[in-house]
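K.L.:
Please find one structure pasted underneath; my questions will follow.
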Amino acid sequence: MKPAPFAYAKAKSLDHAIELLARPDGDARLLAGGQSLIATLNMRLSAPKLLIDLNGIGGLAGIAVKNGMIEIGALTRHAEAERSADIARHAPLIALAMPHIGHAAIRNRGTLGGSIAFADPAAELPACLLALGGEVEIAGPKGRRTVKSNDFFKGLFETALGPRDVLTAIRVPAATKDTRVGFAEFARRHGDYAMVGLAASAKANGKGLIDVRLAYFGVGNIPLRAKKAEAALAGGNVDDAVKALASDLDPSDDVQATGATKKHLAGVLLRRVAKQLMEPQP
Ligand SMILES: Cc1cc2nc3c(=O)[nH]c(=O)nc-3n(C[C@H](O)[C@H](O)[C@H](O)COP(=O)(O)OP(=O)(O)OC[C@H]3O[C@@H](n4cnc5c(N)ncnc54)[C@H](O)[C@@H]3O)c2cc1C
């Protein structure tokens, strides 16, 4: 199928993009890598009147380590993050997740900001952001603001971004020598969206773990923390953590699998990720 007709504008600056979003009908969409947006246009799931291309705006891409945080500009391509020595060193969970996002051609064009803003419930990066306790930097008509990952994901494809907001960057705490991370997902084929996935972080504390954060994706409308399982894992008991998932998660059936299958897979993933978290990491 072909998309419905739309107008196109290339934003010259962040302010220009925010200005262009101020249409009386509100019917404009930002275009970043286009890897999700263009598919929804072609399938006529969405038919905005105006596409505002962010790709000409300087300063929206790049990776920097600042004040104990690693900041990733919204227009940073997945491929750039995948190859970045800074991401490998300071955000190893994101490095683990990257190869699972689509295929190389999609990662060459898709952006980290686009993935977080789109907030697909089966996507890897929103769960990584939540597992790392990261935050999102937003620019809008009233200026800039920062939203914590806990407050960012609101519902199915719904976030704290307002209709005239642009996501400008994400930030996650830079890994320290005690940081442990784990990542696993089940997908029908490599590169497909996950049936169920798990992104996790923790701190090593002697032989145990503290600050365990387990963020599941593909099991609800938004990435979800499994808080009872986190407590059990911090107590060192993987079996109890797997049992706790029964009350932490209540996935619905979807086109990929039944809720019961997803719950079972969530337990399998937890055992794999627990093993990663418990082993010393480079
Ligand atoms: C075949 C295929 C397989 C894929 N598999 C996966 C996968 O396994 N896992 C996965 O996570 N993703 C997958 N993707 C999606 C891919 O990761 C996308 O790149 C990503 O979801 C969106 O990023 P984008 O830059 O392409 O955004 P776009 O498609 O340009 O935009 C997506 C949405 O976000 C909004 N948006 C974009 N940037 C901003 C911003 N800076 N501020 C505010 N709003 C913004 C747009 O208006 C639009 O509504 C797949 C895509 C394809 C085509």
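K.L.:
Taking the condition in the same structural domain as GLY143 (by TED's automatic domain parsing), of a type in the set (A, V, I, L, M, F, W, C), within 13 Å of the ligand (Cβ to nearest atom) and in contact with a helix residue (DSSP H, G or I) (Cβ under 6 Å, 6 or more places away or on another chain), does ALA11 pass?
P.N.:
Details: in the same structural domain as GLY143 (by TED's automatic domain parsing): no; of a type in the set (A, V, I, L, M, F, W, C): yes; within 13 Å of the ligand (Cβ to nearest atom): yes; in contact with a helix residue (DSSP H, G or I) (Cβ under 6 Å, 6 or more places away or on another chain): yes.
Considered against the rule, which asks whether it is in the same structural domain as GLY143 (by TED's automatic domain parsing), of a type in the set (A, V, I, L, M, F, W, C), within 13 Å of the ligand (Cβ to nearest atom) and in contact with a helix residue (DSSP H, G or I) (Cβ under 6 Å, 6 or more places away or on another chain), ALA11 comes out as no.
Residue-wise test of (1) in a loop (DSSP other than H, G, I, E, B); (2) more than 8 Å from the ligand (Cβ to nearest atom).
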residue: ASN55; (1), (2): yes, yes
residue: ALA79; (1), (2): no, yes
residue: LEU96; (1), (2): no, yes
residue: ASN108; (1), (2): no, yes
residue: GLY114; (1), (2): no, no
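K.L.:
Limited to the range 182-202, what total is found for residues that are buried (at least 19 other Cβ atoms within 10 Å of the Cβ) and not hydroxyl-bearing (Ser, Thr, Tyr)?
P.N.:
Restricting attention to the range 182-202, the residues satisfying the condition of being buried (at least 19 other Cβ atoms within 10 Å of the Cβ) are 182-186, 193-202.
When the remaining residues are screened for being not hydroxyl-bearing (Ser, Thr, Tyr), the result is 182-186, 194-200, 202.
The total comes to 13.
K.L.:
Give the range 73-97 a look and list any residue that's farther than 19 Å from GLY34 by Cβ and either in contact (Cβ under 8 Å) with a residue 24 or more places away in the chain or not assigned by TED's automatic domain parsing to the domain that holds ALA131 (or both), or say none. Outline the logic, then answer.
P.N.:
Of all residues in the range 73-97, those farther than 19 Å from GLY34 by Cβ come to 83-97.
Residues satisfying the conditions are ILE87, ARG89, HIS90, ALA91, PRO92, LEU93, ILE94, LEU96, ALA97.
K.L.:
Continuing with the same structure: Considering only residues that are in contact (Cβ under 8 Å) with a residue 24 or more places away in the chain, within 30 Å of LEU270 (Cβ to Cβ) and either assigned by TED's automatic domain parsing to the domain that holds ALA184 or in a strand (DSSP E or B) (or both), which ones fall in the range 131-150?
P.N.:
Correct list: GLU135, VAL136.
K.L.:
Take the conditions within 22 Å of SER84 (Cα to Cα), more than 13 Å from the ligand (Cβ to nearest atom), buried (at least 24 other Cβ atoms within 10 Å of the Cβ) and hydrophobic (A, V, I, L, M, F, W, C) and apply them to VAL136. Does it pass? Spell out the reasoning first.
P.N.:
On the way: within 22 Å of SER84 (Cα to Cα): yes; more than 13 Å from the ligand (Cβ to nearest atom): no; buried (at least 24 other Cβ atoms within 10 Å of the Cβ): yes; hydrophobic (A, V, I, L, M, F, W, C): yes.
No: the conditions fail for VAL136.
The values are calculated or read from the model by the stated rules, or taken from the named source; none is laboratory data. Note that the structure is predicted; figures quoted are calculated from it, not measured. Cβ coordinates were reconstructed from backbone atoms using ideal geometry, including for glycine residues, and neighbour counts include every protein chain displayed.
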